[in-house]
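The structure under discussion appears below in the form of structure tokens.
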Amino acid sequence: AQRVTQPEKLLSVFKGAPVELKCNYSYSGSPELFWYVQYSRQRLQLLLRHISRESIKGFTADLNKGETSFHLKKPFAQEEDSAMYYCALHRSNFGNEKLTFGTGTRLTIIP
Amino acid sequence: NAGVTQTPKFQVLKTGQSMTLQCAQDMNHEYMSWYRQDPGMGLRLIHYSVGAGITDQGEVPNGYNVSRSTTEDFPLRLLSAAPSQTSVYFCASSRRGNNSPLHFGNGTRLTVT
């Protein structure tokens, strides 16, 4: 069975400090991983996906198959980064049918 | 485009009542799904559909029914509400295929007393 673990429910970081939100997964096949974000009073939305290898709003995430991790990082936190972040995994070749979310991390940026 | 529209935004039910949460999307997405969001539990998949006339169970389907008579609509029915169904419900849709991102609705906050 596939599983996503986000060990931190809450994370507080000072503005300008680096941010790392942890995500570990368990899946025997080839994983497709995403980060979704929910800002206050907004709907959940895609932040980034590992296949794109892109940087969105200064965030990056690298898939480490050896450590089965997909941590989200940003070198300098900004106040507008305060939000709820979810890591998600779905099985390759099956679309989104079994998209599994982690329990989420609430990030608070301290001014 | 409106994207994914959910109604109502808020609902209070008494134990045993039934109701339907509505979800519609105007992006011609084949895939639609319902999640519930609970503190400390993240988002859990209730039911999903990969196209009109096709539905399947997710992780927590008990107490809920769905149907998909059209591509656009994917209503979620609570047959006999229970306090354990107090939650925030999200509908989401996407194109089929790898790495297609989910588009979420604004959510419905349901309280069952």
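The values are calculated or read from the model by the stated rules, or taken from the named source; none is laboratory data. Model, not experiment: these values are computed from the prediction. Cβ coordinates were reconstructed from backbone atoms using ideal geometry, including for glycine residues, and neighbour counts include every protein chain displayed.
Just give me the residues in the range B:32-47 being closer than 16 Å to A:LEU44 by Cβ and outside any loop (DSSP other than H, G, I, E, B), in sequence order.
Hits for the range B:32-47 are B:MET32, B:SER33, B:TRP34, B:TYR35, B:ARG36, B:GLN37, B:ASP38, B:GLY42, B:LEU43, B:ARG44, B:LEU45, B:ILE46.
If I filter the range A:76-83 for residues that are in a strand (DSSP E or B) and aliphatic (A, V, I, L, M), do I get at least one hit?
Checked against the condition, which is being in a strand (DSSP E or B) and aliphatic (A, V, I, L, M), the range A:76-83 yields at least one hit.
Of these, B:GLY16, B:GLY40, B:GLY63, B:GLY51, which one is within 14 Å of chain A (Cβ to nearest Cβ), over 21 Å from A:LEU89 (Cβ atoms) and surrounded by fewer than 20 Cβ atoms within 10 Å (Cβ to Cβ)?
B:GLY51
Do we have any residue at all in the range A:52-74 that's touching a Gly at 6+ places or on another chain (Cβ under 8 Å), on the phi < 0 side of the Ramachandran plot and surrounded by 14 or more Cβ atoms within 10 Å (Cβ to Cβ)?
Looking through the range A:52-74, at least one residue is touching a Gly at 6+ places or on another chain (Cβ under 8 Å), on the phi < 0 side of the Ramachandran plot and surrounded by 14 or more Cβ atoms within 10 Å (Cβ to Cβ).
Taking the range B:61-91, which residues are in contact with a Leu (Cβ under 7 Å, 6 or more places away or on another chain), over 16 Å from B:THR5 (Cα atoms) and either touching a residue at least 24 places away in the same chain (Cβ under 8 Å) or in a strand (DSSP E or B) (or both)?
Listed by number, the residues that qualify are B:TYR64, B:ASN65, B:VAL66, B:ALA81, B:GLN85, B:THR86, B:SER87.
Take the residues in the range B:19-37 that are buried (at least 18 other Cβ atoms within 10 Å of the Cβ) and polar (S, T, N, Q), then tell me which one is nearest to the chain's Cα centre (by Cα).
This residue is B:SER33.
If we scan the range B:84-107, do we find a residue that is at pLDDT 95 or above, surrounded by fewer than 14 Cβ atoms within 10 Å (Cβ to Cβ) and more than 9 Å from every other protein chain (Cβ to nearest Cβ)?
Checked against the condition, which is being at pLDDT 95 or above, surrounded by fewer than 14 Cβ atoms within 10 Å (Cβ to Cβ) and more than 9 Å from every other protein chain (Cβ to nearest Cβ), the range B:84-107 yields at least one hit.
Could we say that B:ASP56 is without any contact (Cβ under 8 Å) to a residue 12 or more places away in the chain and of a type in the set (D, E, K, R) here?
Spelling it out, B:ASP56 is indeed without any contact (Cβ under 8 Å) to a residue 12 or more places away in the chain and of a type in the set (D, E, K, R).
Can you tell which of A:SER69, A:SER82, A:SER55 is farther than 26 Å from B:GLY58 by Cβ and touching a residue at least 12 places away in the same chain (Cβ under 8 Å)?
A:SER82
Considering the range B:23-35 alone, what residues qualify as being away from chain A (no Cβ under 11 Å) and closer than 16 Å to B:GLY107 by Cα?
Selection gives B:CYS23, B:ALA24, B:GLN25, B:TRP34.
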